[in-house]
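Rule-based calculations on the coordinates, nothing more; no lab input. These figures come from a predicted structure and were not determined experimentally. Here the Cβ is made from the backbone with ideal geometry for all residues, glycine too, and neighbour counts use every protein chain on show.
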Ligand SMILES: [Zn+2]
Ligand SMILES: [Zn+2]
């Protein structure tokens, strides 16, 4: 079993890296990648743990970068890089700066638009996080007002902020990574398709444009993908000669997704179908 998309509590998951590694072993994954948003500290921890003791599963370095391309939210999964590579550290440094700016704007947005002000100790705890994301803002808001509903916090208070200025262009990411070892896969195409109501041809065209920028693979298998989606995305991967990747997008208790579940119906693709494995 392969799962190339999961998050620890160093980004917006809830498991520590060690807890996640224990789960990877207990469910018997053969190949896995930890893909925190904009950060690779969990990869460093995983690598040193795996070097220190016998570990059956093969680990592939990974990171998920949120980008923008023509107003589309594009999440890029970067795999099999060298964690000491200068290209990736430059990129992560840039991502950190943008995220910090976004978060200060978010505090301001919550205060001025929604009249939500955090106590100083709550605010300083949030700011102490290495990766501070919407999930953490949502948790803090929910703690202040338990009557609110999780999804509504995102829809009403967080996602209504225009964060265009704090996003990185997909083309910039491809450019910054072009000399680095590693491959880029497009995460959860279903989210792009549903958010923008794209038909097959429109999605195909978008992915083709991304391929021209340097995209190598498509996440054909993902916990939200039904067999119908898998068929469509396999066809796109096939026609564009893209590799196929598979990931659950596991976030611990922050999302109801099981580690290793890379299809909506729980079926398991064979390792032959996950052609990105040939790149590792
Ligand atoms: Zn994503
Ligand atoms: Zn993810």
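Overview of results
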read-out	value
Over the chain: helical MRE at 222 nm, DSSP H runs n ≥ 4 each giving -39500 (n - 2.57), nearest 500	-13000 deg cm²/dmol
Simple label model, 7 Å out from Cα along Cβ direction - residue 160 to residue 108, nm	1.9
Cα radius of gyration and Dmax for region 94-165 (Å)	11.6, 37
FRET efficiency estimate (nearest 0.05) - Cβ-Cβ, residue 150 to residue 53, R0 51 angstrom	0.85
Shape category assigned to region 207-280 from the gyration tensor of Cα positions, a/c cut at 1.5	prolate
Inter-label distance, nm, simple model (7 Å from Cα along the C-beta direction), residue 240/residue 200	1.5
Acute angle (nearest 10 degrees) that the helix 134-144 long axis makes with the longest principal axis of the chain, alpha-carbon atoms	40
Helix 17-27 axis, angle to the chain major axis (alpha carbon atoms, nearest 10°)	40
Between 0 and 90°, nearest 10: helix 227-239 axis offset from the chain longest Cα axis	60
Shape call, region 53-101: gyration tensor on alpha carbons, a/c limit 1.5	prolate
Column: log10 I(q)/I(0), Debye, Cα scatterers of region 144-280, q = 0.15, 0.22 Å⁻¹	-0.88, -1.40
Å³ per residue enclosed by the Cα convex hull of the chain	132
FRET efficiency for residue 70 and residue 178, using Cβ-Cβ distance with R0 set to 22 Å, rounded to 0.05	0.65
